[in-house]
Amino acid sequence: MQTLLNTLYVTTPLSYLHLDNDTVRVEVERETRLRVPLHHLGSVVVFGNVLVSPALMHRLADDGKSLVLLSEHGRFKARLEGPVSGNILLRQAQHAYAGDPAFTLAIARAFVAGKIKNTRQVLVRGARETKDGEESDRLTRRADDLAAALRALPGAADLDTLRGIEGEAARQYFAGLNLVLRADARAVFAMDGRSRRPPRDRMNALLSFLYAMLMNDCRSAVESVGLDPQLGFLHAVRPGRAALALDLMEEFRPVADRLALTLVNRGQLNRDDFTEHEGGAVTLADNGRKTVVVAWQEKKHEELVHPLLEQPVAIGLLPLLQARFLARTLRGEMENYLPFIGR
């Protein structure tokens, strides 16, 4: 549990939050673990089986502070707010800015820049760790191609051009991803480019499954801060499509990619963890899904130092933080949206 950006995040199961004068007190097994003055908080976010006292719920509502309920895996469940809330103003700003071509392009460019920088790091790290000099050179060339794509972003005058740069960068990235796989695993897990709906090989099946969980986390993040998940900036608006969640997801795809590479390179997944269907589709089998779900939840508990906050943050909280940065940008509290850049 920790407080970030005026938000208290409680992830410890069976925690009990209650009102203690003008303070939120968090207890675990009747032991006080944290006290936070209410005037320091703008919202409270709880994960899974966490108890919140009625008195605290009423006080949060009276003070115009939100209480967000997520499942233990981060799935959005509900948002409790009082009669006066800034979310309608936030959504008005989101809809107004979505009609501003210059703002839309700037936000979309930030999402794409975050994605390309983070995918490039995957290739750079692979080039550094491989013992094969030729493969290191090939990975370095792919990383240089992504660096060129980054340099081209400021010159993109419209969304179609920006999407074209992003698409070519993604093609270059996935073409090099096979070289980051352990050599003796490539026969089973090599990719022939990115394929979806349905995945045509085991690595694509693994990535699609991880992306689906990441998408859920990003949708929960944008809903938790009161944004409209259907209205994006980079992804086109379509009925039933959570375009903003897809936007936010772009900068975090490499987190899923690195986990996929780790599961394969460490031998935690093998041929038997996948099912091949008639017509060429490949999906994760039951045992494979269980392995990936457990690994994803463990990954989300790992901590890293956030480059902007300069303090340790669990990986699972990163989409929530970035959603708040986006909300602050829409409110005019931040000049520009800054994507998360891993190290």
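The values are calculated or read from the model by the stated rules, or taken from the named source; none is laboratory data. On a predicted model such as this, the values are computed, not experimentally measured, just so you know. All Cβ positions, glycine included, derive from the backbone under ideal geometry; neighbour counts span all protein chains shown. Just so you know, the surface numbers come from the protein's heavy atoms only, side chains and all, with ligands and any DNA or RNA stripped out. Shrake-Rupley method; radii C 1.70, N 1.55, O 1.52, S 1.80 Å.
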Response to the item:
Yeah, region 109-155 with a ≥ b ≥ c from its alpha-carbon gyration tensor (a/c under 1.5 is rounded, else prolate when a/b outruns b/c, oblate otherwise) is oblate
Item to complete: Order the following by accessible area, largest value first: ASP192, ASP247, ASP286, ASP132. Probe radius 1.4 Å; ligands, DNA and RNA are ignored.
Response: ASP192, ASP286, ASP132, ASP247
Worksheet entry | Cα centroid separation - region 113-154 against region 223-254, whole Å | 26
Worksheet item: If we restrict to alpha carbons, what Rg and Dmax does region 159-220 come to, in Å?
Response: 13.4, 41
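Determine one quarter of the surface area of the Cα convex hull of the chain, which equals its mean projected area, and express it in nm² to one decimal.
Computing the convex hull of the Cα atoms and averaging its projections yields 18.7 nm².
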Fill in: Portion, in percent, of the accessible area of the chain that falls on carbon or sulfur, probe 1.4 Å
49
Discussion item. Just to confirm, what accessible area per residue do you get for the chain at 1.4 Å probe, in whole Å²?
Written reply: 48
Worksheet item: Normalized C-alpha radius of gyration of region 273-329, against 2.2 N^0.38 Å?
Response: 1.68
Worksheet item: Around SER136, what is the net charge, scoring Lys/Arg as +1 and Asp/Glu as -1 over all other residues with Cβ under 12 Å from its Cβ?
Response: +1
Worksheet item: If you add up the charges near MET191, with Lys and Arg at +1 and Asp and Glu at -1, over every other residue whose beta carbon is less than 13 angstrom from its beta carbon, what do you get?
Response: +3
Discussion item. Can you tally the net charge around LEU150? Count Lys and Arg as +1, Asp and Glu as -1, for every other residue whose Cβ sits under 9 Å from the Cβ of LEU150.
Written reply: +3
Fill in: Whole-Å distance, taken between Cα centres, linking region 279-343 and region 1-63
23
Discussion item. Using Cα-Cα distances under 8 Å and only pairs 6 or more residues apart, what relative contact order does region 232-343 have, in percent?
Written reply: 17
Worksheet item: Top mean-square fluctuation among ALA149, ALA212, ALA242, Gaussian network model of the chain, C-alpha springs under 10 Å?
Response: ALA212
Worksheet entry | For region 160-303, convex hull of alpha carbons as volume per residue, Å³ | 134
Discussion item. Can you tell me how region 1-134 classifies by the Cα gyration tensor, rounded, prolate or oblate, using a/c under 1.5 as the rounded cut?
Written reply: oblate
Worksheet item: Helices from the chain with mean Kyte-Doolittle at least 0.0 and a Cα length along the axis of 15 Å or more, per DSSP H: which?
Response: 101-129, 202-224, 253-265, 318-331
Worksheet item: Just from its helices, what would the mean residue ellipticity at 222 nm be for the chain, if runs of 4 or more DSSP H residues each count -39500 (n - 2.57) and the sum is divided by every residue, rounded to the nearest 500 deg cm²/dmol?
Response: -16000 deg cm²/dmol
Worksheet item: Once the mean 1/r over all distinct Cα pairs of region 81-190 is inverted, what Kirkwood radius in angstroms do you read off?
Response: 16.2
Item to complete: Give me the number: length gained by fully extending LEU338 to SER53, i.e. 0.36 nm times residue separation minus the C-alpha to C-alpha distance, one decimal in nm.
Response: 99.0 nm
Worksheet item: Considering region 19-91, what Rg and Dmax in Å follow from its alpha-carbon atoms?
Response: 12.7, 40
Discussion item. Taking 0.36 nm per residue of sequence separation and subtracting the Cα-Cα distance, how much length would be gained by fully extending the chain between ARG196 and ARG271, in nm to one decimal?
Written reply: 25.1 nm
